[in-house]
Amino acid sequence: MRAYSEDLRERAVQRAQEGETIREIAAALRISPSCVPKWRKRQRETGSPAPDRVGGHKPRTLVGEHAEWLRGRVAEGAFTTRGLTAELAARGIKTDRRAVWVFLHAEGLSFRENPAARRAVAP
């Protein structure tokens, strides 16, 4: 779904400044009533109700010394993405399982969970 046009946003904000109620504006412009106050707030804060940039590249969080530590930890032995995420959190590195998986995949560090091996070790 795409963002509403700048023209529509500007018309909604203009109507609100002229005293129309939010519900009247929403009905006339066929938009959700919740849009109008958000656009007014954006107009006040940035000078324009235009939408913010959407998408783009998000830099990896596991780089530099964090990546080196993670490579070393993986080389030590068995692991799970959940376990690695917990270990990183204990070291003060805020991340999630997906970021760990993306890192492992990009590095070519293969891992495979083996339910049979887990059962054999479990008490």
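In region 1-44, the residue that is farthest from GLY55 (Cα to Cα) out of those that are of a type in the set (S, T, N, Q) and surrounded by 13 or more Cβ atoms within 10 Å (Cβ to Cβ) is GLN14.
When the residues of region 45-78 are filtered to those that are of a type outside the set (Asp, Glu), within 30 Å of GLN17 (Cβ to Cβ) and exposed (fewer than 10 other Cβ atoms within 10 Å of the Cβ), the one that is modelled with the highest pLDDT is GLY47.
Among residues of region 52-72 that are farther than 25 Å from SER5 by Cβ, those with a Cβ under 7 angstrom from a residue that is assigned to a loop (DSSP other than H, G, I, E, B), sequence gap 6+ or separate chain, pair up as THR61/THR95; LEU62/THR95; HIS66/ILE93; LEU70/LEU62.
The values are calculated or read from the model by the stated rules, or taken from the named source; none is laboratory data. These figures come from a predicted structure and were not determined experimentally. Using ideal geometry, Cβ is built from the backbone for each residue, glycine included, and neighbour counts are taken over all protein chains shown.
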